[in-house]
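What follows is a set of notes on a single structure, which appears directly below.
The values are calculated or read from the model by the stated rules, or taken from the named source; none is laboratory data. Computed from a predicted model, the values in this text were never measured in an experiment. Here the Cβ positions follow ideal geometry from the backbone for every residue, glycine too, while neighbour counts run over all protein chains shown. Note: accessible area is taken over every heavy atom of the protein model, side chains too, but ligands, DNA and RNA are not part of it. Shrake-Rupley method; radii C 1.70, N 1.55, O 1.52, S 1.80 Å.
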Amino acid sequence: MQLDRVITVVGAHAEGEVGRVITGGVLPPRGDTMFDRMQNLERYSGWLRNMLLFDPRGSVNAAVNLITPPCRPDADIGMIVMESDYFVPMSGSNLICTVTVALETGIVPIKEPVTHVRVDTPAGLVEVEAECAGGKCRKVKFRNIPSFVMHRDRTISVPGIGSLRVDVAYGGMIYCIVEAADLGFTLDRSEARRLVEVGERIKAAAAEQLPSVHPENPGIHTINQTEFVGPLEIVNGIKTSKNAVVVSPGRIDRCPCGTGTSARMALLSARGELGIGDPFRHLSILDTEFDCKILETGRAGSIPAIVPQVSGRAWLTGVSHYGVDPEDPFPEGYRLSDTWFN
Ligand SMILES: O=C(O)[C@H]1NCC[C@@H]1O
């Protein structure tokens, strides 16, 4: 066996969504903030994402995370999320996977019954309460960064669809939020492929027609996901809804999407449909769940925001060592449109 660049990765999924975590073989990128580090990793070490996520070592449904020392003195770890098309400031499922892996592999010592972990992310500090028992992490509850509405009740023109009413909100990434019923969707699993096709078209149109920039960090800009939402209903006394986020280049988030949930809670709050402290249950296309609420109001620059809390669970799936045979014609992998959409 001859392998260059041997990298250790612990596999995990959060409520169905794959979030692999690098635990060895990669040095932290340079940068004074986690946002700088994320940009430097993308600029100078794009091969890492390509090698681990593209075929033949990865697959379109996965994301990979790098744990680093934090930049902030008040944080315990840093986290950089690499998704197939974007290095993203924050991701709920990837945070849940990263914290669970950090705890269950001993990178962060477990304290039972609750371990507090402060995660320095490119989007800001995210405080985590991890419920732990028997040496395992059984629930990750996190206080996300301030989330807010960027465009309300706008009409865009989408090729092949025509006029469509949408909202745009930020929850760690920028989402174009669409009522699924407006396009005849019920968010059943059987609709996954069609949701992807339509969702990618909506994303492209919305990104062009509704410029969106974070008021405190101009480096965070442009709609990069479509979130289809179902009706808000009361189930067993809890405000409950289903959603399906289309993750580029074209697949459905398997979990209820932590950043999409945060963006949606900001919209529900702006519409007067979700108050501070109201329990909110968000379901994925697989019917897995995040339990959530709005903790308090906040601000992003001068824009009113909410501070969301999201909780869910991750499970470890294995440990792998990835490397590159020096004779391999695909050291950085490849993407083929049968599964990669583009
Ligand atoms: O939970 C989230 O925020 C996400 N899951 C995959 C796509 C988003 O990063």
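Observations
- Verdict on R49 being of a type in the set (K, R), within 16 Å of G11 (Cα to Cα), within 15 Å of the ligand (Cβ to nearest atom) and in contact with a strand residue (DSSP E or B) (Cβ under 9 Å, 6 or more places away or on another chain): yes
- The condition of being open to solvent by 30 Å² or more (accessible area, probe 1.4 Å) and closer than 22 Å to V60 by Cβ holds for only one of D188, D182, D253, that being D188.
- Those residues of the range 261-277 which are within 13 Å of the ligand (Cβ to nearest atom) and surrounded by fewer than 21 Cβ atoms within 10 Å (Cβ to Cβ), in sequence order: none
- Among (1) surrounded by fewer than 15 Cβ atoms within 10 Å (Cβ to Cβ); (2) more than 16 Å from the ligand (Cβ to nearest atom), the one test that A75 misses: (1)
- The set of residues from the range 225-236 being in contact (Cβ under 8 Å) with a residue 40 or more places away in the chain and surrounded by fewer than 20 Cβ atoms within 10 Å (Cβ to Cβ) comprises G230, P231, L232, V235.
- Only one entry of E112, E42 meets the criterion of being more than 22 Å from C255 (Cβ to Cβ), within 16 Å of the ligand (Cβ to nearest atom) and open to solvent by 50 Å² or more (accessible area, probe 1.4 Å), and that entry is E42.
- Under the condition of being more than 8 Å from the ligand (Cβ to nearest atom) and of a type in the set (A, V, I, L, M, F, W, C), the residues counted in the range 78-95 number 4.
- Which numbered condition R254 misses (of (1) within 16 Å of the ligand (Cβ to nearest atom); (2) in a loop (DSSP other than H, G, I, E, B); (3) closer than 21 Å to R154 by Cβ): (3)
This table checks each residue for (1) in contact (Cβ under 8 Å) with a residue 12 or more places away in the chain; (2) more than 20 Å from the chain's Cα centre (by Cα); (3) within 25 Å of P304 (Cβ to Cβ); (4) within 16 Å of the ligand (Cβ to nearest atom).
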site: C97; (1), (2), (3), (4): yes, no, no, yes
site: T100; (1), (2), (3), (4): yes, no, no, yes
site: V117; (1), (2), (3), (4): yes, no, no, no
site: K139; (1), (2), (3), (4): yes, no, no, yes
site: V149; (1), (2), (3), (4): yes, no, yes, no
site: P159; (1), (2), (3), (4): yes, yes, no, no
site: M173; (1), (2), (3), (4): yes, no, yes, yes
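- Here D167 meets the list (1) charged (D, E, K, R); (2) within 13 Å of L283 (Cβ to Cβ); (3) crowded, with 24+ Cβ neighbours inside 10 Å almost entirely, failing just condition (2).
- Qualifying residue in the range 260-267 (condition: in contact with a Gly (Cβ under 8 Å, 6 or more places away or on another chain), in a strand (DSSP E or B) and not aliphatic (A, V, I, L, M)): no
Rundown of residues vs (1) more than 16 Å from the ligand (Cβ to nearest atom); (2) at pLDDT 95 or above; (3) farther than 22 Å from G16 by Cα, yes/no style:
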{"site": "T259", "(1), (2), (3)": "no, yes, no"}
{"site": "L283", "(1), (2), (3)": "no, yes, no"}
{"site": "I294", "(1), (2), (3)": "yes, yes, yes"}
{"site": "P304", "(1), (2), (3)": "yes, yes, yes"}
{"site": "W315", "(1), (2), (3)": "no, yes, no"}
{"site": "E327", "(1), (2), (3)": "yes, yes, yes"}
{"site": "E332", "(1), (2), (3)": "yes, yes, yes"}
{"site": "F341", "(1), (2), (3)": "no, no, no"}
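- Of all residues in the range 218-239, those being within 16 Å of the ligand (Cβ to nearest atom) and either more than 19 Å from A206 (Cβ to Cβ) or not aromatic (F, W, Y) (or both) number 8.
- Scanning the range 118-162 for residues that are outside any strand (DSSP E or B) and of a type outside the set (A, V, I, L, M, F, W, C) returns P122, G134, G135, N144, P146, P159, G160.
- Checklist (1) among the acidic types (D, E); (2) in contact (Cβ under 8 Å) with a residue 12 or more places away in the chain; (3) not in a strand (DSSP E or B) applied to D328, failing item: (2)
- P109 vs. criteria modelled with pLDDT of 95 or more and in contact with a Phe, Trp or Tyr (Cβ under 8 Å, 6 or more places away or on another chain): no
- Among the residues listed as G24, G16, the single one being surrounded by fewer than 22 Cβ atoms within 10 Å (Cβ to Cβ), more than 22 Å from G219 (Cβ to Cβ) and within 16 Å of the ligand (Cβ to nearest atom): G16
- Considering T105, T121, the condition of being hydroxyl-bearing (S, T, Y), closer than 30 Å to Q39 by Cβ and open to solvent by 30 Å² or more (accessible area, probe 1.4 Å) is satisfied by T105 alone.
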